[in-house]
1. Which value in deg cm²/dmol, rounded to the nearest 500, describes the helix-derived mean residue ellipticity at 222 nm for chain B, given -39,500 (n - 2.57) per DSSP H run of n ≥ 4 and division by the residue count?
2. How big is the dipole moment of the protein assembly as shown about its Cα centre under a simple scheme where the beta carbon of each Lys and Arg is +1, that of each Asp and Glu is -1, and everything else is neutral? Debye, nearest 20, please.
3. Determine the shielding of peptide B:48-59 by partner chains: average, over its residues, the number of Cβ atoms on other chains within 10 angstrom of each Cβ.
4. Hey, if you drop one equal point scatterer on each alpha-carbon of chain B and run the Debye formula without solvent, what base-10 log of I(q)/I(0) do you get at q = 0.06, 0.08, 0.09, 0.13 Å⁻¹?
5. Roughly how many nanometres apart are two label points built 7 Å out from the Cα toward the Cβ at B:Thr222 and A:Lys115?
6. Projected area of the protein assembly as shown, taken from the Cα convex hull and averaged over every viewing direction, in nm²?
7. Counting only other chains, and only Cβ atoms inside 10 Å, what mean value do you get across the residues of A:77-87?
8. To make sure I understand, if each residue's beta carbon is the centre and we count other beta carbons within 10 Å, what order do B:Val251, B:Val259 fall in, fewest to most?
Number of protein chains: 2
Amino acid sequence: MDFLNELKNLKKQVFFEEKLEIPRNYDKIVIAGMGGSGIAGKIFQEMYTDKPVFALDDYHIPEFADEKTMFVAMSYSGNTEEVIAATREAIQRGCSVSALTSGGELESIVENVIKVPSGLQPRSSLGYMLMPLINSFLKVSSEAIRKAGDLLDDLDSRNEWIKEEAEKIFERELIPVVYGFSPYRSIAYRWKTQFNENAKVMAFSNYFPELDHNEIIPLKQTYRKDQFRFYTFGCSTDNRITKRIHATGRVSGIELEHVETPGESLVEKMFYLIHYGDYLTYHLANLRKIDPMDVSAIEDLKKILKG
Amino acid sequence: MDFLNELKNLKKQVFFEEKLEIPRNYDKIVIAGMGGSGIAGKIFQEMYTDKPVFALDDYHIPEFADEKTMFVAMSYSGNTEEVIAATREAIQRGCSVSALTSGGELESIVENVIKVPSGLQPRSSLGYMLMPLINSFLKVSSEAIRKAGDLLDDLDSRNEWIKEEAEKIFERELIPVVYGFSPYRSIAYRWKTQFNENAKVMAFSNYFPELDHNEIIPLKQTYRKDQFRFYTFGCSTDNRITKRIHATGRVSGIELEHVETPGESLVEKMFYLIHYGDYLTYHLANLRKIDPMDVSAIEDLKKILKG
């Protein structure tokens, strides 16, 4: 599948209806995953706060993980070494373990597996990874899902205007900086990682209101300010955050690009923003004449680690 | 107090012996704090994983916060609006609430208060904020504390060599990027915020192993690579992380500056690294002829938010 078709695959993924098996007696959730597979856990952690949820992106599980912990291992390939290590610990600790994967070692060490279709880059499987979490824990209407799918379809058919945005980054070789806020902090981080992986550009993310306590200072002081391009999302429903976004622009004098979001529900807005970032980084890769699929740096690294 | 004396105050703070009152029946901890006051909760969250700990840097408490939640409000001034809002919610939700503050509104709404000495910038009170958490939950020997104090004292008396490091950033107006790893992720973030607040330079942090799944790609592709200066810490005790740090340098070709850490215990290494970052950013401010104390951007922002 070429990369454009991978991107277009997302609208199918939001209709992935699998659910995780919820243990009878549990009081916290640990979701292990790295990079393109781990982002689903990070996004879910913001969406669901009825129980403590920990998005784990490391080798070791926290000490508190016990028999009353629901542990979800996420690795698209099924062979991510950090996730395998954490999952082995979780099994030994007596957690209720399940996994989302297309196969690999993970499939062989975990009993409770939701298999997702293979053939994609891990970062293009976000819908497959995220929807089982949403389906299992959140009440999202089928209408909201359908509308999210429609928004993705719209973006798939018309996104040339996002290319114009990519050109602004390209022309001056800018460093994108994406500012999120709850519950979209991880969407900002997703953009950062898509800039890294697809367009191969350095990029960073941060979030309101925390950035108003530190990063706002160099923003105002113009340290290399004209070398960045700043983004935020136009979907805050908290008036205090909206005020901060505007005040931050005013105090710092930076041009803060607000990406507006159609859609009513969180799921619609979220998937729209995810896909906007997909296309922004895809177009930037094309402008830079760079293959968005190429992740040879990660492959080189794995070779060294194994050697 | 001038800023240099604020920095030198830290070695006194590690001997701050206050302890939080631990509720009889609790199963999770939420620590609310922003910016320079919030960093203590972020650091503690990595040090202590026996129970779920949430470092909260937002207005709202998570849904799971209940009567079995120990809630610690941290605000040096006592007037941080996000912390006040979250604390009011925590009181209403029936959490066991205590606070660490030098006064302000927080002192008047929370019964259980540990007062810390006033007169510092919030970011210079890290020892006062962090030690009560460490004293209450971690077994740290008084010898380790004493040694940490000695290391800070050493840095206070000899740090001109850190100025040489600051000069490298200054000469080419580089953007510092600091790579941590567990349990030093938040120390990398602390450096980032100290670069922001003291030296008024844009700076970013990230952590192993997650960055090997995305950021390594633009590192290799040399996107503006010569405009950054990369740091990591020389104190990983996990062989897999150490291997990753070296492999990341090899694959990407970046010059990754390893900051070595004297000391045996986690507390020694941690405070040493914190203070190294203090001096690095202080010297950079001086080289840039910028007042490290000046946080007028934050004050301007507050005025707009109140107006």
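1. Estimated from H runs of four or more residues: -14500 deg cm²/dmol.
2. 260 debye
3. So the per-residue partner count for this stretch is 5.
4. Log10 of I(q)/I(0), two decimals: -0.20, -0.36, -0.46, -0.96.
5. Each label point lies 7 Å from its Cα, and together they span 4.5 nm.
6. Projected over every direction and averaged, the Cα hull of the protein assembly as shown covers 25.0 nm².
7. Mean inter-chain Cβ contacts per residue within 10 Å come to 1.
8. Result, fewest neighbours first: B:Val259, B:Val251.
Every read-out reported here was derived from the displayed coordinates using simple, explicitly stated rules and does not represent laboratory data. All figures in this text were calculated on a predicted structure; none of them were measured in a lab. Counting neighbours? That spans all protein chains shown, and the Cβs are built from the backbone with ideal geometry, glycine included.
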